[in-house]
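Everything below concerns the one structure shown next.
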Amino acid sequence: MSQLPLRTPVSAHHRDPVLDVVVPVFNEEKDLEPSVRRLHAHLSETFPYPFRITVADNASTDGTPRIAAQLAAELPELEWLRLTEKGRGRALHAAWSGSRAPVLAYVDVDLSTDLAALLPLVAPLISGHSDIAIGTRLARGSQVVRGPKREAISRCYNALLRSTLAVGFSDAQCGFKAVRRDVAERLLPLVKDSGWFFDTELLVIAERAGLRIHEVPVDWVDDPDSRVDILSTALADLRGIARIGRELARGTLPMAGLRRGTEGARSGGLAGQLLRFAAVGAVSSVGYVLLYVALRPAVGGQAANALALLLCALANTAANRRLTFGLRGRVGALRHQAQGLLVFTVGLALTSGSLALLHHTASTPARATEVGVLVAANLAATLVRFLLFRAWVFPARRRREPEVTTI
């Protein structure tokens with residue numbers, strides 16, 4: 001599967017809906033109409049592009065379908081989607097899969113999240129800055145009103161995600177999220193959960209693929225009438241964490257199609273790579289010299305050379321991975337560092353050999369001469385590292401040229 005195209009801003013003259021806000025519902029005859037009218041009024045007053053609201057009714061058995069149909073008949077910007085099976089994840093999957101809006105979002109029907117955060121949520125996706133945006137109740141700047149029980153459960157769940165799946169996002173289950181359509185088209189087929197774990201699974205896969213996730217602090221007021229079964233939801237979440245953890249450990253998730261085609265665009269060909277590699281190398285060389293001079297009195301010349309070169313090699317590989325060869329995310333990062341360390345041995349051999357040769361010809365060379373020889377040897381090793389990085393560590397087959405499209 002080809003990589004995702006470069007992110008591009010949504011056209012300012014878009015005629016069709018730019019944003020499709022999905023409201024998943026199950027037996028919400030009490031809250032549906034006032035919440036949808038409030039959401040519609042807010043978007044009409046504040047959103048500068050055409051929009052759509054989609055009520056995704058997943059198998060309601062009360063008056064929800066009738067109310068949704070009435071609202072759809074009255075409000076031209078509203079559509080109603082009826083599903084025969086339950087599951088919030090199933091409702092979002094169906095609504096997002098069928099939408100042609102370039103930006104897709106969802107909000108909980110109780111509108112616990114202040115709608116003032118909706119435009120900041122979707123703006124980074126419209127501008128092309130990010131792939132996914134999430135509201136977070138756990139960031140500085142958020143104001144949350146809820147009981148201690150739900151606060152503790154939320155924080156424990158997100159702490160569990162960080163400790164088991166090493167996620168970087170702060171709040172997996174806030175019912176306030178948005179995604180670019182081109183990303184959703186690639187992500188949705190990989191998400192297996194049809195219930196409450198849908199959000200978490202989508203975010204974990206996206207983050208592991210290196211997609212950019214934007215977080216927006218939100219003001220949030222707990223709904224005292226929430227009918228979520230906390231125990232069954234928690235057990236389902238634990239099963240979901242275990243499953244996605246196994247899939248990631250086994251490498252069974254096809255991540256290649258989720259990576260942005262930025263590598264080729266950022267590389268600018270061989271000349272661009274050489275310039276960036278040289279810039280990274282120059283910074284690394286300065287850092288190497290400073291470390292060597294600092295370590296030399298304490299550990300001696302050879303040990304100082306090895307330690308300084310090792311530390312700079314780790315930083316150099318990470319910098320070149322992102323800046324020179326345009327690779328983002330954690331996928332393959334450990335393998336790249338391991339290969340970079342093998343390349344490091346070439347630099348160590350060149351610099352250590354040069355240092356040994358200098359000491360063989362002059363028993364007590366001047367410190368400036370010693371440093372000069374090491375810098376020259378390090379520059380030679382840099383050229384060798386670039387060739388090995390390009391041909392072996394970050395080969396061209398992993399850096400496909402992007403398919404640039406406009407929305």
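Condition (residue is in a helix (DSSP H, G or I), out of contact with any strand residue (DSSP E or B) (no Cβ under 8 Å at 6 or more places or on another chain) and at pLDDT below 85) applied to segment 327-334: is it met by at least one residue?
Here is the first cut: in segment 327-334, the ones in a helix (DSSP H, G or I) are 333-334.
Restricting the remaining residues to those that are out of contact with any strand residue (DSSP E or B) (no Cβ under 8 Å at 6 or more places or on another chain) gives 333-334.
Then keep just the ones that are at pLDDT below 85; that gives 333-334.
The answer is yes, given that some residue of segment 327-334 is in a helix (DSSP H, G or I), out of contact with any strand residue (DSSP E or B) (no Cβ under 8 Å at 6 or more places or on another chain) and at pLDDT below 85.
Looking only at segment 187-206, filter to residues that are touching a residue at least 60 places away in the same chain (Cβ under 8 Å) and in a loop (DSSP other than H, G, I, E, B); which one of those is farthest from residue 170 (Cα to Cα)?
Once the filter is applied, the top-ranked residue is 194.
For a quick check of your reading: which strands (runs of 3 or more DSSP E) sit entirely within segment 31-115 and have at least 3 residues that are of a type in the set (A, V, I, L, M) and either farther than 28 Å from residue 237 by Cβ or open to solvent by 10 Å² or more (accessible area, probe 1.4 Å) (or both)? Don't jump to the end; show me each part of the working.
Working: elements: 51-58, 78-83, 103-107.
The qualifying strands (runs of 3 or more DSSP E) are 78-83.
Give segment 369-387 a look and list any residue that's within 22 Å of residue 275 (Cα to Cα) and of a type in the set (D, E, K, R), or say none.
Within segment 369-387, 385 is the sole residue that qualifies.
Of everything in segment 12-26, what is part of a loop (DSSP other than H, G, I, E, B) and touching a residue at least 60 places away in the same chain (Cβ under 8 Å)? Give them in sequence order.
We begin by selecting, within segment 12-26, every residue part of a loop (DSSP other than H, G, I, E, B); these are 12-18, 26.
Result: 14, 16, 17, 18, 26.
Within the set of pairs 6 or more residues apart or between chains, which connect a residue that is among the β-branched types (Val, Ile, Thr) inside segment 67-79 to a residue that is open to solvent by 40 Å² or more (accessible area, probe 1.4 Å) with Cβ atoms less than 7 Å apart?
Listed pairs, sorted by first residue: 67/29; 67/33.
Tell me, yes or no, whether segment 85-94 has at least one residue that is under 22 Å from residue 10 (Cα atoms), among the small types (Gly, Ala, Ser) and touching a helix residue (DSSP H, G or I) at 6+ places or on another chain (Cβ under 9 Å).
No, segment 85-94 contains no residue that is under 22 Å from residue 10 (Cα atoms), among the small types (Gly, Ala, Ser) and touching a helix residue (DSSP H, G or I) at 6+ places or on another chain (Cβ under 9 Å).
Got a number for residues in segment 67-121 being under 25 Å from the mean Cα position of the chain (by Cα) and more than 30 Å from residue 150 (Cβ to Cβ)?
Residues that pass the stated criteria total 6.
For segment 31-55, which positions are over 28 Å from the mean Cα position of the chain (by Cα) and more than 17 Å from residue 121 (Cα to Cα)?
Hits for segment 31-55 are 31, 32, 33, 34, 35, 36, 37, 38, 41.
Which one of 380, 362, 396 is farther than 30 Å from residue 167 by Cβ, modelled with pLDDT under 80 and aliphatic (A, V, I, L, M)?
After applying the criteria, what remains is 396.
The values are calculated or read from the model by the stated rules, or taken from the named source; none is laboratory data. Bear in mind the structure is a predicted one, so any value in this text is a computation, not a measurement. Every residue, glycine as well, gets a Cβ built from its backbone with ideal geometry; the counts of neighbours run over all protein chains shown. Remember, those area values only see protein heavy atoms, side chains included, never the ligands or the DNA or RNA. Shrake-Rupley method; radii C 1.70, N 1.55, O 1.52, S 1.80 Å.
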